[in-house]
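Please treat every number below as a calculation from the coordinates, not as lab data. This one's a predicted model, so the numbers in the text were calculated from it and none came from an experiment.
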């Protein structure tokens, strides 16, 4: 195997890993949005959105707390 073949195979593997990570990221984001829509009122979503604009880290922590309260069975991870 020459260098170009090795490079191509490494690039293909990296690309596949990136695609898988992006897919998982999209799934987690979709699940988070679904949970927010299901458990928060319109007003609560607006307040959370306002907090997220000003202080994203606080909004993420509050969302995590809310999701933990409504679902003791699952662990939610907010990934950026």
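Past the 13 angstrom mark, what percentage of all C-alpha to C-alpha distances in the range 3-70 do you count? When all Cα pairs of the range 3-70 are counted, 72 percent exceed 13 Å. The slack between residue 13 and residue 43, meaning 0.36 nm per residue of separation minus the straight C-alpha distance, is 6.3 nm.
Find how much the distance from residue 36 to residue 64 grows on full extension, using 0.36 nm per residue of separation minus their present alpha carbon separation; answer in nm with one decimal.
The span from residue 36 to residue 64 would gain 9.0 nm if fully extended.
Between residue 29 and residue 55, the contour length at 0.36 nm per residue exceeds the Cα-Cα span by 7.5 nm.
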